[in-house]
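Trainee: Got a structure for you, written out below as structure tokens; questions coming shortly.
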Amino acid sequence: MNWIILIIAGLFEVAFASCLGKAKETTGSEMYLWYAGFIFTLSISMILLVKVSQVLPIGTAYAVWTGVGAVGTVLVGILVFKEPATFLRLFFITTLIISIIGLKVVSK
């Protein structure tokens with residue numbers, strides 16, 4: 001269950017990074033709504049990370065949390081923000097995914 005919570009925390013990290021990206025593209029009251037979404041999703045992500053780090057080793061929990069966030073944010077960047085999907089970007093994201101799976105496998 002803690003691993004599921006950790007993945008959800010990582011998905012909220014993707015959400016707060018996405019909110020920053022959308023806030024950069026907007027102005028006025030819409031921009032402030034995206035910043036409010038950023039603060040909300042950041043808070044949820046941190047609360048879940050704190051909860052999980054009480055059970056899982058902090059090094060593993062933090063690495064998986066940032067890894068899920070990094071992979072998700074790159075994918076959102078490619079799919080939503082039209083960032084380039086070069087071979088090397090996809091190659092290194094794949095190696096990051098393999099590393100996250102490896103941490104899960106070797107963790108107790």
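Trainee: Run the reach check for Lys82 against aspartates and glutamates, Cα to Cα strictly under 20 Å, same-chain hits fewer than 8 apart removed. What comes back?
Mentor: The qualifying aspartates and glutamates are Glu13, Glu25.
Trainee: Right, next: Over all alpha-carbon pairs of segment 13-66, lay out the pair-distance distribution in 5 Å bins, whole %, shortest bin first.
Mentor: In whole percents, the pair-distance histogram is 4, 22, 23, 16, 13, 10, 7, 4, 1.
Trainee: Compute the long axis of helix 28-53 from its Cα atoms, compare it with the longest principal axis of the Cα atoms of the chain, and write down the angle in degrees, 0 to 90, nearest 10.
Mentor: For helix 28-53, the angle is close to 10 degrees.
Trainee: Of all trypsin sites (Lys or Arg not before Pro) in segment 34-100, which ones are in loop regions per DSSP and have a Cβ with at most 15 other Cβ atoms within 10 Å?
Mentor: Loop-located and lightly packed - Lys82.
Trainee: Between Leu75 and Ile5, what is 0.36 nm times their sequence separation minus the Cα-Cα distance? Round to one decimal in nm. The partial results should precede the final answer.
Mentor: Details: separation 70, 0.36 × 70 = 25.20 nm, distance 2.05 nm.
Roughly 23.2 nm would be gained on extension.
Trainee: While we're on this one: Please work out the Cα center distance from segment 71-87 to segment 44-63, rounded to the nearest Å.
Mentor: Taking the Cα centre of segment 44-63 as reference, the centre of segment 71-87 is 26 Å away.
Trainee: Which of Phe12, Phe92, Phe87 comes first, and how do the rest follow, when ranked by fewest Cβ neighbours within 10 Å? List each step's numbers first, then the result.
Mentor: Values: Phe12 24, Phe92 13, Phe87 7.
Lowest to highest Cβ neighbour count: Phe87, Phe92, Phe12.
Trainee: Give the Cα extents of the chain along the principal axes, in whole Å, largest first.
Mentor: Principal axes ranked by extent give 48, 35, 17 Å for the Cα atoms.
No value in this document is a laboratory result; all are computed from the given coordinates. If you're wondering where the values come from, they're calculated on a predicted model, not measured in any experiment. Neighbour counts are summed over all protein chains in view; Cβ atoms, including those assigned to glycine, are modelled from backbone coordinates with ideal geometry.
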